[in-house]
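Reading through the structure tokens given below for one structure.
Every number here is computed from the coordinates shown, using simple stated rules; none is lab data. Keep in mind that this is a model prediction, so the values were computed, not measured. Because the Cβ atoms are built from the backbone with ideal geometry, glycine has one as well, and the counts that use them run over all protein chains shown.
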Amino acid sequence: MLLGGKVAIVTGAAQGIGRACAVRLAKEGAKVVLCDISTEQGQRTADEIAATGATAIYVRCNVAERGDVDRVIAAAINALGRIDVLVNNAGVLDDAPFLDLSLEEFDRVVGVNLRGAFLMGQAVARQMVRQGKPEGESQAGAIVNMSSVNAVFALPDHVAYSISKGGIGQLTKAMAVALAPQGIRVNAVGPGTIETPLLKDVIKDTAFRSKVLSRTPIGRFGQPEEVAAIVAWLASPESSYVTGTTIFADGGRLPLNYVVPVAEGS
Ligand SMILES: NC(=O)c1ccc[n+]([C@@H]2O[C@H](COP(=O)([O-])OP(=O)(O)OC[C@H]3O[C@@H](n4cnc5c(N)ncnc54)[C@H](O)[C@@H]3O)[C@@H](O)[C@H]2O)c1
């Protein structure tokens, strides 16, 4: 097990990629704190993980609110004693052409995706610094931010989202260099198109599927578990010399220029 006895917080853990991360970290031996604004679903996911014999608790938290963030830290310390891992996964998507994008929508998306990752990252890093390195270990903690291929690409109808994910790339680098002296590593995972509830409506659309697959050399959508596997590795001492980087799990989209043929019926 990669994370035996460690305590991990996962944000946006009720469903999708965050859920898969919480499940995988628990399988790797971590005690998991699931944060989400979706109380019913968050509690259900925590209960499902706890039913496997792992330790999992749900704490309601809007990552864009400092009060909520402070409450999660306090709840984690109170219940589990320390924090070793943070997965900053909570994310939302705007959907409007650039000329129609409202300031409220811009603030909402950047508020959750970037401000939320900063708030959680800073609060957890402060706690990790207070704790110091466990005896005999070289690492005081690991933080994994959820980026996207849209940290590099730009989407005309998801401007706030693209900006927020670009910001996650720099947040990851800046936090990594700031926290390296304290033994805290900070990395990011940048998924391509992953089959989650975030994409539940568009993913059924044949034209959308064809567009995505024409830009995906591996020839299929990704699964949340394939992202979670990288998160678990980045959270663990197995990646002890990796910090400040983004690993893209995108089926080959970033290296591809132009398009690839799409298999019929896919
Ligand atoms: N699905 C993809 O193809 C894809 C691709 C690239 C990046 N990502 C990123 O992965 C992350 C997870 O995406 P997903 O597809 O699993 O999405 P999802 O919509 O299925 O799940 C997101 C979860 O975050 C929670 N959430 C939303 N706002 C929150 C807030 N303010 N505070 C706490 N929790 C909040 C939601 O309730 C939900 O449970 C996001 O950061 C997203 O940008 C997803």
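Choose one of Met1, Ala117, Ile163: the residue whose Cα lies farthest towards the positive end of the charge dipole of the chain (beta-carbon charges +1 Lys, Arg; -1 Asp, Glu; about the Cα centre). After comparing all options, I get Met1. Near the amide H of Val186, within less than 5 Å, lie the amide hydrogens of Ile143, Gly244, all on another chain or at least 5 residues away, with H placed in the peptide plane. For the chain, hydrophobic long helices are taken as DSSP H runs at least 15 Å long by C-alpha position along their axis with mean Kyte-Doolittle hydropathy of -0.5 or more; these are 16-27, 66-80, 116-131, 159-179, 224-235. Springs between Cα atoms under 10 Å define the GNM used for the chain, and in it the highest mean-square fluctuation of Val149, Val212, Val33 occurs at Val212. Dividing the mean sequence gap of close Cα pairs (under 8 Å, 6+ apart) by how many residues segment 1-141 holds gives a relative contact order of 23 percent.
For segment 204-244 and segment 122-169, write down the distance between their C-alpha centroids in whole Å. Result: 17 Å between the Cα centres.
Pairs Lys165/Lys211; Lys27/Lys200; Lys6/Lys211; Lys27/Lys204: which are spaced more than 29 Å apart, C-alpha to C-alpha? Flagged as over cut-off: Lys6/Lys211; Lys27/Lys204.
Net charge in the neighbourhood of Val262 (other residues with Cβ under 15 Å of its Cβ; Lys, Arg +1, Asp, Glu -1) is +3. Unpaired cysteine residues in the chain (no second Cys Cβ under 4.7 Å): Cys21.
What order, most packed first, do the peptides 153-165, 112-124 have when packing is the mean number of other Cβ atoms within 10 Å of each residue? Intermediate values should be presented prior to the final figure.
Working: 153-165: 19.4, 112-124: 22.5.
Sorting 153-165, 112-124 by mean packing, highest first, produces 112-124, 153-165.
Residues whose amide H comes within less than 5 Å of that of Gly222, counting only those at least five positions distant or on another chain, are Thr193, Ile194, Glu195 (H built at 1.01 Å from N in the peptide plane). Within the listed set Ala235, Ala30, Ala96, the residue fluctuating most in the Gaussian network model of the chain (springs between alpha-carbon atoms under 10 angstrom) is Ala96. Over all other residues within a Cβ to Cβ distance under 13 Å of Asp47, the charged ones net out to 0, with Lys and Arg as +1 and Asp and Glu as -1. The stretch between Thr39 and Ser210 holds 58.1 nm of extra length on full extension. This uses 0.36 nm per residue minus the Cα-Cα distance.
Computed about its Cα centre, the charge dipole of segment 7-249 is approximately 480 debye, with only Lys, Arg, Asp and Glu carrying charge at their Cβ.
Taking springs between alpha-carbon atoms closer than 10 angstrom, which of Lys211, Lys31, Lys133 fluctuates most in the Gaussian network model of the chain? With Cα springs under 10 Å in the chain, the top fluctuation among Lys211, Lys31, Lys133 is at Lys211. Each residue, Ile203 and Lys27, gets one label point 7 Å from its Cα in the Cβ direction; the gap between the two is 1.7 nm.
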